[in-house]
Amino acid sequence: MPISVATVRDLQSAEYVKALALRERNPAKSLGLWGAARRLDPESVTLAGHEALALLENGRQEEVVALLSTILPDNPRHPHLLNLFGVALFELGHARPALRVFEHLKTIDADYPPLAQSMENARAILGRDKAIAKAIVHVVDQTIGQIIERAAAKRRPTLAVCMIAKNEAEFIVGAIESVIDLADEVIVVDTGSTDETVALARAAGARVEYFGWIGDFAAARNASLSYATSDWILCLDADERLQRGCYSAVRAVMEEWGDPHRVVCVKILNFTRDRRFMSDGFSGRMFLNVPTMRFTGRVHEEVGGDRSDVATDYRLDIIFDHFGADPQIMREKSKDLRNIELLESRLKEKPDDLLTYFYLGSQHHMGGRPDAALRAFERVVELFERNPSGYSMVVRNLPVPYSYVGLVRGLLDRNAITRAVDVGNRALARFPDNVDLWYHTAFGYMFQHNLVMARRYLDRCLDTEPSGYSLIGMSNRQIKEWRALKYLGDIDFEEGDRASAYRRYSEVFKKMPEGNEERVPTIARMVELASELLDFENLPQLTLTYLELRPTEHRVGLQVALFLKERQGLQETYDFLVSAYDAVEALHDKLEWPLAIGQVAQEAGEDREALRWYEQALALGHVEPAFLRDLATLFLRLDMPDAATEVVALARATLSTRR
């Protein structure tokens, strides 16, 4: 018997099914999920677009044309739908109507990412169109004509970018410049800057207004919204940037008027000031400019909060780069202390508010206060487990699992290993798709020296594909990228499987970001394993990479050179030593290095080459008598008696001084 997903409109469940569909790799299964999501929210233009894309990926272009022919006349300016309509027509071999759709799309969104290539492809097959029945030609042409006509009659929706700022001279211009070509109005409400923020914002093209700071971010946000006259609001922080490639996605949302109580959650990528990635998450930032959509909360303010009539729409294609979470910036601007005070004030008003405890735990964690973070996350888990069904689906699936992660991590830091493993497994029973929980619980087993279970849990990190809310939840994406693999390599090493450990480390090192603290110990272990496994093809380059990262450990390079000389010969040793000397400037001050090169050259019978390197060692102050004696002998062998005499005199002077 077929099962109906739902018989009533259920926006939050539709969002959950959407998250399932986004992670599904099988096109046929993905299509079924998009259909289910649309049945839960049949009015969603976003879901219609996803279903059309899924149909396209399943080779069902005619169904795409049929579906969008019913939707586009009411949404004639929607860039994503227009693109899909044109692509479906093109893939059916109907170049002329496809080109007509693409030309219309160009009037709507000239910088739509694939548009130029799509138009070029359509023009390339003009005149070679597949034959279409006259009746179908008439319907398609009539539909396209209707779309163009209605688009011309429909007013373009407008956008206000609203910001609040205080002493943001470092970032404000970049924030405004990231949206100035997209927005109809950019509004900056200053809450008391004493630097150049106001002047810079005006010069960058923003309208600047003032609001006295009263210790309430929601009040300041709402003040910025009060000046907006546009149809849509996009809230941007002064230390954020909208990625330029996201303009078309924002325009697509603006064409989806629909539910006035819908908040679009954008993806936030947190970076340090020097653009090192830290973490990511989502935040509700875009919504229709209606009086009922306003912020609440002194800090970590939200639109709609826990209102049941406000739907959330998580978008993977609208991305903000955020720099203000950099711990150094937080300290410079005293943001940490300010946020803690505001959160504690919020708890006085709502003493059992799960979300406030979650934000408090996150703030303490970022501020380097592990004990306070542990207490806050523990309170979240306590409140949740007391009444799991008492919270919305979003709360249950976003802040709650992250709080479990924070609690497990904090217990591990306190060496409460048994309890950490217990909490981790309790959480995984509820959230089996949460990669971070598998990862941190694996550490508990590692601390217990239970490598079998640790391996099993780390393997689950790699095998688990986030689904549902895990796909859009807060997570450390480096776990799946390389961290789990790195610790699997550590387990292989501990268990004596050197070859497997070496393979894993080799894969991990390629994926590690530059500057990561794990790069040095990982490459050091790889040098050790390459030597042990006699991987002479890669050993020289691995050692060179290690020396570039840790030039003070030059003696490790000399040990590798000695090993190469014993196993591979003089030429390979010489090539390694010289390439390292050329690549690592710090080696130029290490007299052992030119001395080693000279010795290898001399053993190979290359006296003049040896002399060149010995002279560099001499210039660095190497005046050991034995070395000077050998150098004098070399000068004589090269028929350079005067130089030999000078070296002998230097040797005598050195010996005299030491007496």
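The values are calculated or read from the model by the stated rules, or taken from the named source; none is laboratory data. Given the structure is predicted, the values throughout are model-derived calculations rather than measurements. With ideal geometry, Cβ positions are generated from the backbone for all residues, glycine too; neighbour counts draw on all protein chains shown. Just the protein is used for accessible areas: all its heavy atoms, side chains included, with ligands, DNA and RNA removed. Shrake-Rupley method; radii C 1.70, N 1.55, O 1.52, S 1.80 Å.
Three principal axis extents of region 312-369 based on alpha-carbon atoms, in descending order, are 37, 33, 15 Å. Principal axis extents of the Cα atoms in region 540-583, from largest to smallest and rounded to whole angstrom, are 26, 17, 13. Sorting the segments 612-621, 45-54 by their mean number of nearby beta carbons within 10 angstrom, highest to lowest, gives 45-54, 612-621.
Using a 1.4 Å probe and counting only protein heavy atoms, arrange MET278, MET366 so the residue with the most accessible area comes first.
MET366, MET278
Of the peptides 25-37, 92-104, 424-436, the order by per-residue mean of other Cβ atoms within 10 Å, starting with the highest, comes out as 92-104, 424-436, 25-37. Kirkwood analysis of the chain, using all unique Cα-Cα pairs, places the hydrodynamic radius at 29.7 Å.
For the chain, the longest principal axis of the C-alpha atoms and the axis of helix 11-23 are separated by about 40°.
Where the alpha-carbon atoms of region 557-624 are placed on the principal axes, they occupy 31, 25, 20 Å, in descending order. Helix 79-91 and the longest principal axis of the Cα set of the chain meet at an angle near 80°. For the pair ARG386 and LEU638, label points projected 7 Å from Cα toward Cβ lie 8.4 nm apart.
For TYR391, the accessible surface of its heavy atoms amounts to roughly 60 Å² (probe 1.4 Å, protein chains only, rounded to the nearest 10).
The C-alpha atoms of the chain define a longest principal axis, and helix 641-658 lies at about 90 degrees to it. Given a 1.4 Å probe and the protein chains as shown, ARG567 ends up with an accessible area of around 130 Å².
Order LYS511, LYS565, most accessible first, counting only protein heavy atoms with a 1.4 angstrom probe. If you can, show how the numbers build up before the last one.
On the way: LYS511 95, LYS565 65 Å².
Largest accessible area first, the residues go LYS511, LYS565.
Return a whole-number percent for the relative contact order of region 588-659, with Cα pairs under 8 Å and 6 or more residues apart as the contact set. Contact order relative to length: 26 percent. Residues MET286, MET330, ordered by accessible area of protein heavy atoms at a 1.4 angstrom probe radius and largest first, appear as MET330, MET286.
Which of the lysines could a cross-linker bridge to LYS335, judged by Cα under 17 Å and excluding same-chain residues fewer than eight apart? Partners found: LYS166.
Once you wrap a convex hull around the alpha carbon atoms of region 273-388, what is its projected area averaged over all directions, in nm²?
Numbers: hull surface 35.8 nm².
Average of the hull's projected areas for region 273-388 equals 8.9 nm².
Each residue of region 333-347 was assigned a 3J(HN,Hα) from its phi angle through the Karplus expression (A = 6.51, B = -1.76, C = 1.60, θ = phi - 60°), giving 9, 6, 5, 4, 4, 4, 5, 4, 4, 5, 5, 5, 5, 5, 5 Hz with x at Gly and Pro. Couplings for region 510-516, taken from phi via the Karplus curve 6.51 cos²θ - 1.76 cosθ + 1.60 with θ = phi - 60°, read 5, 9, 5, x, 4, x, 5 Hz in order; Gly and Pro are left as x.
Straight Cα distances below 25 angstrom link LYS480 to the lysines LYS18, LYS29, LYS267, LYS510, LYS511, with same-chain residues fewer than 8 positions distant left out. Would you kindly give the portion of the calculated P(r) for region 453-593 that falls above 27 Å, as a percent of all Cα pairs? Taking all Cα-Cα pairs of region 453-593, the fraction more than 27 Å apart is 31 percent. A 1.4 Å probe, protein heavy atoms only, puts the accessible area of TRP438 near 20 Å².
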